[in-house]
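Asks: My questions all concern the structure below.
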Amino acid sequence: MTCIEQFVKDNAALLDELKYDEFYDKIFWEELPSYEVAEITAIIEKCEPDFLKNMTGIYPGMFYNYQGKTLTIPSSIQTIYSSAFEDTALESITIPASVEEVCEYAFVDCLHLKHLTIESSKTKFEHLALYEVSNLNVKFEGLKGEIDSELRELVLMFDGTITYKDGTVE
């Protein structure tokens with residue numbers, strides 16, 4: 001039995017009770033490498049494709065090296081943690097209004113990410129949340145003065161564009 005299989009077996013009760021946040025919190029404190037966390041996510045996703053609907057956060061490493069082109073983030077998610085989407089093949093993603101915070105390096109090395117829609121002006125982006133994501137086209141559902149300053153700075157620093165609700169492009 002691999003260490004991943006053992007970890008999942010040891011914590012199966014949390015999964016049976018759909019306590020995914022608690023399960024991933026335990027993974028975080030066990031300090032498993034990102035590729036192992038991603039393997040666990042793949043196992044869970046096979047058994048329960050809509051498992052994210054039962055969570056409030058997307059934890060470090062959950063979608064490390066994810067090969068899907070798009071991903072729907074459910075409205076239950078409030079936080080996207082550091083390295084949650086590290087080195088993925090994602091091309092497009094929508095951050096729902098429920099997301100309050102996108103932590104630093106959440107999308108680090110997402111070289112294929114070209115389209116990001118942000119549904120709320122209240123979503124806070126930490127410094128370097130989109131580190132090394134270049135030529136990103138951001139559709140922001142608010143007005144120019146409402147955008148998070150960290151997000152604006154990052155997008156423009158890496159040669160991206162921002163389109164605001166009123167059609168203004170920066």
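The values are calculated or read from the model by the stated rules, or taken from the named source; none is laboratory data. The shown structure was predicted, so the numbers you read here are calculated from the model rather than taken from an experiment. A quick note on method: Cβ atoms are made from the backbone with ideal geometry, for glycine too, and the neighbour counts reach across all protein chains shown. In case anyone asks, the SASA skips ligands and DNA or RNA and just uses the protein heavy atoms, side chains included. Shrake-Rupley method; radii C 1.70, N 1.55, O 1.52, S 1.80 Å.
Asks: Among the residues of the stretch 35-57, is there at least one that is of a type outside the set (F, W, Y), assigned to a loop (DSSP other than H, G, I, E, B), in contact with a helix residue (DSSP H, G or I) (Cβ under 9 Å, 6 or more places away or on another chain) and at pLDDT 75 or above?
Replies: Yes, because at least one residue in the stretch 35-57 is of a type outside the set (F, W, Y), assigned to a loop (DSSP other than H, G, I, E, B), in contact with a helix residue (DSSP H, G or I) (Cβ under 9 Å, 6 or more places away or on another chain) and at pLDDT 75 or above.
Asks: May I ask you to list the residues in the stretch 149-170 that are under 22 Å from C103 (Cα atoms) and open to solvent by less than 40 Å² (accessible area, probe 1.4 Å)?
Replies: L151, L154, V155, G160, I162 - these are the residues of the stretch 149-170 that are under 22 Å from C103 (Cα atoms) and open to solvent by less than 40 Å² (accessible area, probe 1.4 Å).
Asks: So, of the residues in the stretch 127-148 that are in a strand (DSSP E or B) and not charged (D, E, K, R), which turns out to be surrounded by the fewest Cβ atoms within 10 Å (Cβ to Cβ)?
Replies: Of everything passing the filter in the stretch 127-148, N137 is surrounded by the fewest Cβ atoms within 10 Å (Cβ to Cβ).
Asks: Can you pull out the residues in the stretch 91-140 that are touching a His at 6+ places or on another chain (Cβ under 7 Å) and over 18 Å from T161 (Cβ atoms)?
Replies: E104
Asks: Shifting gears a bit: I80 versus (1) at pLDDT 90 or above; (2) in contact with a helix residue (DSSP H, G or I) (Cβ under 9 Å, 6 or more places away or on another chain): which is the lone unmet condition?
Replies: (2)
Asks: If I go through the stretch 57-96 residue by residue, how many of them are over 14 Å from D109 (Cα atoms) and open to solvent by 60 Å² or more (accessible area, probe 1.4 Å)?
Replies: Residues flagged as over 14 Å from D109 (Cα atoms) and open to solvent by 60 Å² or more (accessible area, probe 1.4 Å) within the stretch 57-96 amount to 6.
Asks: Is at least one residue of the stretch 149-160 of a type in the set (D, E) and closer than 19 Å to Y64 by Cα? Before you say what the answer is, go through the steps one by one.
Replies: Pass one, the stretch 149-160, residues of a type in the set (D, E): 150, 153, 159.
In the following step, the residues that additionally are closer than 19 Å to Y64 by Cα were identified as none.
The answer is no, given that none of the residues of the stretch 149-160 is of a type in the set (D, E) and closer than 19 Å to Y64 by Cα.
Asks: If only one of E101, E146 is of a type outside the set (G, A, S), within 20 Å of I77 (Cβ to Cβ), touching a Ser or Thr at 6+ places or on another chain (Cβ under 6 Å) and touching a residue at least 12 places away in the same chain (Cβ under 8 Å), which one is it?
Replies: Only one candidate qualifies: E101.
Asks: Return yes when K9 is charged (D, E, K, R), modelled with pLDDT of 70 or more, at negative phi and in a helix (DSSP H, G or I) and no when it is not.
Replies: In short, no.
Asks: Follow-up question, since we're still on this one. What about L130, is it under 23 Å from D87 (Cβ atoms), hydrophobic (A, V, I, L, M, F, W, C) and modelled with pLDDT of 90 or more? Step through it out loud before you land on a result.
Replies: On the way: under 23 Å from D87 (Cβ atoms): yes; hydrophobic (A, V, I, L, M, F, W, C): yes; modelled with pLDDT of 90 or more: no.
Criteria not met by L130.
Asks: Filter the stretch 97-122 down to the residues that are buried (at least 18 other Cβ atoms within 10 Å of the Cβ), in a loop (DSSP other than H, G, I, E, B) and in contact with a Leu (Cβ under 8 Å, 6 or more places away or on another chain) and list them by number.
Replies: Y105, A106, F107, V108, C110, L113
Asks: Sticking with this one: Mind listing whichever residues of the stretch 58-86 are β-branched (V, I, T) and either without any contact (Cβ under 8 Å) to a residue 12 or more places away in the chain or in a loop (DSSP other than H, G, I, E, B) (or both)?
Replies: Residues satisfying the conditions are I73, I77.
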